[in-house]
């Protein structure tokens, strides 16, 4: 994708330059090459700015969209991979988010829960040492929030789990993500599903309060 | 500007506005290090505890979310309050989360206050105690009344230091009442009065609905006796020089001359002794009593007190005909020179009427009875002033503010050589003059036991995560005073004490007690039989010597000042809770300020109008206060409530209102009862005027059908049209205010002759509320609970003057235009109308009619046109003119299930939708319908008298639907045909 965009952009830039240099008759590039060079030189200012703009835009796009971080979520204080835990090791979501079926919040695993396993598994890995550090210094882990919901909405996980809504239906293929990208949930997203499933559409009784 | 330019600018403006309207959500999620067993994020956990906002000691349940207590509710198992709370109990949370709470000990140095660590403070205290040395009262302790285990510890401490007993100082103590029981019955105690068993209740000033002994309990007991039941209700007559909230709830309030209660009571005793001779009064009482009241006379007493002789004669006859009469004496707010005689006469009148005293129960006396008499407190202050105290420990009391000698104490604390430690969580009036201020854990954070009624232990446990490092008071005492304490910390000490004294020896008993909130007996204890004291005749001398007040007050220029204890602030400890300041006084409806109430006659004499600031001048001090005009006060009186006017107590209390206690002389009666009536030397206008921050639009309802009252039998006699849609008052159903029928917010409430709007079909439920005006006492607990539950903003004095208060539930009080002493209290919240006028005018459809009949306000849809508030006939919609602030850490109290509203949106009562949703969740889990009574909105939950009932109007068996059939049922302004879902039951008046 990146290659395609880059080559198309550069090709277009080349085409523009040739069109300007040959005054709209591209075949003159071959028939009157000297004239072409003259024209190029006469229009060197505008051509320079055009080329610069295109290259800057390309650079910008590369800088922001091609690095690997842009396809995954925010860096977290501990390099935790949902892909590894949920996908490869196939640990159930409810093991770490135990309240999802009985409370509005799914709950975050306390540090001690991570250590239940990681006291035995790769206990001396540097990322696990960070974990130990949080535990020993009694510091809560400052995970960065990735899913956002407006403050005037109270989403109740319990009710959705009881209605057999799967985690993936809203959160996506978590088991394939190393770092979760997360999303902003908007009303349309909720309403669509509520309509399809004939669920509660009342303002206060369903979501707001 | 041409049209295009205007459109461009408007477009740019709205885009800029929309872009700027983004909330700043929390960006970090903190995980716990270790998860407590009983904490589920997003779900509340409940912990039982004890309210320590007044000495009554009600049981509370603390609702905890993620380690923070967000709401207090009454503990239904607790024998004192049985699940309800007053407004001060609700506001106890604002002490824990008070932004002005001290988090570290403060040591006074030459450069001002210096923060030190708790260890340093404890060491310093230990050094000072060692330096003070033992014996001869060199070390003294002044504390609020504490529970039995703490009393035992403090007594041990006094013994350890070889000093006098700790002085338990309560500003609102009842010395006269105790003295009467001591002298007549030999019981030095404050008993329980079974108001609920009486059929005639006569109070001579006891404000049992506000602060007297145990107000939540007495509110419940009072309504058991006084609410209408099968066409009967008990009679309550109140005689006092000014109308308190309690007096406003009486069937008849007689305004009497200040301090004339004893005269009236003596005359009544004489009358009953003479007429009611079939009663079994012991001979040894009859003779000396007859002698003591020999000079009394009903007519003369009526003349002295300034009430109509026929009214007094009628009351005397009532006493004789009543089957179960009960007389209550004076309250703390009406204690004049003859207060000892008043209490004794009230007790004797009870004895004469009922020699068994079957409605006065001494088996479980109030813990408040252990408070030191004012004489003892004064002796301590004398020692302090004389410089004899080397180390003074003050625990949770504020003598500088609550004693008229406050200025003297402050000077002694500042200049004296002794060292003073104030165990206070706030830099209050007294702490500001202490040498060391030592914050300790509050009742919601610590292990303790308190027996509001002696023998009935109510437990406290840490109901919240440990926010601060502060130790428990017991721990400090154990550490500093006992070098080698037998038990380690106070919790262990408490368990040890409970094992020895209360039989808590097994873990099971202990856990049961902690879960229930205390050690409560199943069966009520047997009433203790009382017998007369031997030396009764000497005690009666005091009664015979009681002189009527000099009959000059009314015509002279001098006024008598009464300082009434406040239902909002108690003795002043509530003044730094913003909810209590913001919820207006139940009678004046003035918030934040403390006006002086004057009779219009007195105002004419002085030449002032309401709002004028007057200067009160007494022998001891001067005070300026705005005038509030009221006809429900004796013309020779000026009334101020105590509690405000702190010189230091945090941002909500400092410089707010005035402190009338400073105007008192500080005199006590012979028994040590502090006198709260004081002659004013002068009262004069200052020429200044302020606007009173009152929340009422008017005092009367201008003849409209808002708060309606009836008399016994009236509605029943008129009868109803059949069914629920009955016509009010027995008229044929019509369209006028008088004839409009009760139209339920259900399909059957619609009539094609009247309605153009289509019927709302409700799915499953139609929520509605019944408000029984006959049960409402106007105490304001519901309004405060609503503030706590629904994150309602505090707007402050200025904004209230602008009419921008945010209360979702307010209590209107309407005076009868023919007799201003008759008051109807009228709780008013969103009526969730079926034809809601607010819904039809909103351009963006923000007020939305829910399928269960609720009128939803969608905050994020609201654009702030305020059309809805204009169209609402009840004025219950509140607009957020500003972003209200919750200074840290007050925001930790916010209910996470309720949106915090921002500037520019309308808000209003939701019937506690968050609680309805929780009930829906439980019902869905168990695949059933929501039970009747399962949902209790915060106001319904806390009402001490059960005046509010919530439920499903669609369910024909539900309690609300059954109550709709009551002949008293009507809808406030129902004649507008808006079909409100709040059905009121008329107040029942009776002529006495």
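For segment B:55-209, taking the reciprocal of the average inverse distance between every pair of different Cα atoms yields a Kirkwood hydrodynamic radius of 20.2 Å. Take every Cα pair under 8 Å whose residues are at least 6 apart in sequence, average their separation, divide by the length of chain B, and the relative contact order is 14 percent. Above 16 Å lies some portion of the pair distances; for segment B:640-688, what is it as a whole percent of all C-alpha pairs? Counting every Cα pair in segment B:640-688, those more than 16 Å apart make up 56 percent. The angle separating the long axis of helix A:2-21 from the principal Cα axis of greatest extent in chain A is about 20 degrees.
Taking every Cα-Cα distance in segment B:790-867 and sorting them into 10 Å bins from zero, the calculated P(r) comes out as 15, 32, 35, 15, 3 percent. For the peptide B:911-921, the mean number of other protein chain Cβ atoms found within 10 angstrom of a residue's Cβ is 3.
Express in whole angstrom the spacing between the alpha-carbon centres of segment B:925-973 and segment A:165-199. Distance between centres, Cα-based: 38 Å.
Calculate how large, on average over all directions, the projected area of the Cα convex hull of segment B:608-674 is; give the answer in nm² to one decimal.
Averaging across all directions leaves 6.1 nm² for the Cα convex hull.
Here segment B:744-824 is treated as a Stokes sphere of Kirkwood radius computed over C-alpha pairs; at 20 °C and 1.002 mPa s its diffusion coefficient rounds to 128 µm²/s.
Per-residue mean of foreign Cβ neighbours for B:840-850 is 1 (Cβ atoms of other chains, 10 Å radius). When only alpha carbons of segment A:61-135 are considered, Rg and Dmax amount to 15.1, 45 Å. In segment A:2-66, inverting the average of 1/r over every pair of distinct C-alpha atoms gives 12.7 Å as the Kirkwood radius.
With semi-axes defined as the square roots of five times the eigenvalues of the C-alpha gyration tensor, the equivalent ellipsoid of segment B:552-689 measures 23, 19, 13 Å, largest first.
A Stokes-Einstein calculation at 37 °C with viscosity 0.692 mPa s, built on the Kirkwood radius of chain B over Cα pairs, returns a diffusion coefficient of 110 µm²/s.
Counting only DSSP H runs of at least 4 residues, each contributing -39500 (n - 2.57), and dividing by the residue count of chain A, the helix-based mean residue ellipticity at 222 nm comes to -14000 deg cm²/dmol.
Using only the Cα atoms of chain A, what semi-axes does the equivalent ellipsoid have when each is the square root of 5 times a gyration tensor eigenvalue? Give whole Å, largest first.
54, 26, 14
Is the shape of segment B:133-197 rounded, prolate or oblate, going by the alpha carbon gyration tensor and its root eigenvalues a ≥ b ≥ c, with a/c under 1.5 for rounded and a/b larger than b/c for prolate? Prolate is the answer for segment B:133-197, as a/c is 1.5 or above and a/b outweighs b/c.
Packing order of peptides B:738-751, B:821-834, highest average first: B:821-834, B:738-751 (average count of other Cβ atoms within 10 Å over each peptide's residues).
Size descriptors for segment A:86-209, from the alpha-carbon set: Rg then Dmax equal 17.1, 52 Å. Put the Cα centre of segment B:285-300 next to the Cα centre of segment B:124-162 and the gap is 48 Å. In terms of its alpha-carbon gyration tensor, segment B:436-504 comes out oblate; a/c meets the 1.5 threshold, while b/c is at least as large as a/b.
A viscosity of 1.567 mPa s and a temperature of 4 °C, combined with the Kirkwood radius over C-alpha pairs in the Stokes-Einstein formula, give segment B:709-989 a diffusion coefficient of 66 µm²/s. Over segment B:709-989, Cα pairs under 8 Å with separation of 6+ residues give a relative contact order of 29 percent.
If I take every Cα pair under 8 Å that is 6 or more residues apart in segment B:58-102, average their sequence separation and divide by the length, what percent do I get for the relative contact order? Walk me through the numbers before you get to the answer.
Details: 61 pairs, mean separation 13.7, N = 45.
Relative contact order, segment B:58-102: 30 percent.
Taking packing as the residue-averaged number of other Cβ atoms within 10 angstrom, the listed peptides A:186-197, B:453-464 run from highest to lowest as B:453-464, A:186-197.
Remark on segment B:117-170: ratio of C-alpha radius of gyration to 2.2 N^0.38 Å is 1.19.
Once the Cα atoms are used to define both axes, helix A:44-65 deviates from the longest principal axis of chain A by about 20 degrees.
So if I average 1/r over every pair of distinct C-alpha atoms in segment B:209-322 and take the inverse, what Kirkwood radius in Å does that give?
15.7 Å
Put one equal scatterer on each alpha carbon of the protein assembly as shown, apply the Debye formula with no solvent term, and list log10 I(q)/I(0) at q = 0.08 1/Å to two decimals. One equal scatterer on each Cα of the protein assembly as shown leads to -0.97. Centre-to-centre, using Cα atoms only, segment A:50-92 and segment B:811-866 are separated by 52 Å. Show that you can apply the helix-only estimate: for chain B, add -39,500 (n - 2.57) for every DSSP H stretch of four or more residues, divide by all residues, and state [θ] at 222 nm to the nearest 500. So the helix-based figure for chain B works out to -8000 deg cm²/dmol. Between rounded, prolate and oblate, where does segment B:368-416 land on the alpha carbon gyration tensor, with a ≥ b ≥ c its root eigenvalues, rounded for a/c under 1.5, else prolate if a/b exceeds b/c? Taking the square roots of the gyration eigenvalues as a ≥ b ≥ c, segment B:368-416 is prolate.
Across peptide B:30-41, the mean count of Cβ atoms from other chains lying within 10 Å of each residue's own Cβ comes to 6.
Laboratory data are not the source of any read-out in this text; all were calculated from the coordinates shown. This is a predicted model, so every value here is computed, not measured. Quick reminder, even Gly has a Cβ in these numbers, built from the backbone with ideal geometry, and neighbours come from all protein chains shown.
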